[in-house]
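Below you'll find the structure, written out as structure tokens, and then a few comments.
The values are calculated or read from the model by the stated rules, or taken from the named source; none is laboratory data. Here the structure is a predicted model, which means the values were calculated and not measured. Every residue, glycine among them, receives a Cβ derived from its backbone with ideal geometry; neighbour counts consider all protein chains shown.
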């Protein structure tokens, strides 16, 4: 029986904090793997201008996880197309492996708003919700049964990284080297 963590996000851009969470949750929960699920069209971010194309975000995540055991980039939501709803993704995993165990990995900032997600009650029925605290959002909890996993806290967000890039700040050390090389090659983030 497989044990799969699903850590979804826009990953615009992926940064070292994402990787720390994936690696630590995998170890703590003894998961077979953690899939970094790149959102196609994240419905909660449709009002954000200049969202990087999904294929670029996927390529960054693929580059970032290369060589990290048990952490993979998933294009499932991009391949499905349209708006991205976590419940649909979990249903696809369930269809592929009805006996597997699913663990939905969320930062506490995202977890606190879980009750605004499409069919959130079913999300909690199909997966074990795993909350990882983020600086500035610690203590907020989702309105469903969940488990808290402690891991090193990296005070970093993709929004901050984009802002620093716009200000001409260096991104070395914030974005994994292979993902940063892709950003530079494609002219993303400044």
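Given the criterion crowded, with 18+ Cβ neighbours inside 10 Å and either more than 18 Å from the chain's Cα centre (by Cα) or free of Cβ contacts under 8 Å to residues at least 60 places away in the same chain (or both), identify the matching residue among 188, 174, 102.
Numbers: 174 fails: either more than 18 Å from the chain's Cα centre (by Cα) or free of Cβ contacts under 8 Å to residues at least 60 places away in the same chain (or both); 102 fails: either more than 18 Å from the chain's Cα centre (by Cα) or free of Cβ contacts under 8 Å to residues at least 60 places away in the same chain (or both).
Residue meeting the stated conditions: 188.
Table: residues versus (1) part of a helix (DSSP H, G or I); (2) within 21 Å of residue 151 (Cα to Cα).
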site	(1), (2)
61	yes, yes
69	no, yes
78	yes, no
92	yes, no
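Checking the conditions here, which among 34, 14, 25 is part of a loop (DSSP other than H, G, I, E, B) and under 21 Å from residue 150 (Cα atoms)? Outline the logic, then answer.
Working: 34 fails: part of a loop (DSSP other than H, G, I, E, B); 25 fails: part of a loop (DSSP other than H, G, I, E, B).
Sole residue among the options that is part of a loop (DSSP other than H, G, I, E, B) and under 21 Å from residue 150 (Cα atoms): 14.
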#### Entry: So residue 90, is it surrounded by 17 or more Cβ atoms within 10 Å (Cβ to Cβ) and in contact (Cβ under 8 Å) with a residue 60 or more places away in the chain
yes
### Summary
Residue pairs qualifying under the 7 Å Cβ cut-off, at least six apart or on distinct chains, with the first in region 48-65 being on the phi < 0 side of the Ramachandran plot and surrounded by fewer than 24 Cβ atoms within 10 Å (Cβ to Cβ) and the second being assigned to a helix (DSSP H, G or I) and modelled with pLDDT under 95, are 51/45
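Is it the case that residue 142 is exposed (fewer than 15 other Cβ atoms within 10 Å of the Cβ), farther than 25 Å from residue 53 by Cβ and without any contact (Cβ under 8 Å) to a residue 40 or more places away in the chain?
Numbers: exposed (fewer than 15 other Cβ atoms within 10 Å of the Cβ): no; farther than 25 Å from residue 53 by Cβ: yes; without any contact (Cβ under 8 Å) to a residue 40 or more places away in the chain: yes.
No, not satisfied.
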### Query
Within region 145-171, which residues are buried (at least 16 other Cβ atoms within 10 Å of the Cβ) and in a loop (DSSP other than H, G, I, E, B)?
149, 151, 154, 156, 157, 171
### Task
Of the numbered conditions (1) at pLDDT 90 or above; (2) part of a loop (DSSP other than H, G, I, E, B); (3) buried (at least 17 other Cβ atoms within 10 Å of the Cβ), residue 131 fails exactly one; give the number of that condition.
(2)
### Message
If I filter region 162-170 for residues that are in contact (Cβ under 8 Å) with a residue 60 or more places away in the chain and touching a strand residue (DSSP E or B) at 6+ places or on another chain (Cβ under 7 Å), do I get at least one hit?
### Response
no
### Task
Of the numbered conditions (1) at pLDDT 95 or above; (2) under 22 Å from residue 152 (Cα atoms); (3) surrounded by fewer than 22 Cβ atoms within 10 Å (Cβ to Cβ), residue 108 fails exactly one; give the number of that condition.
(1)
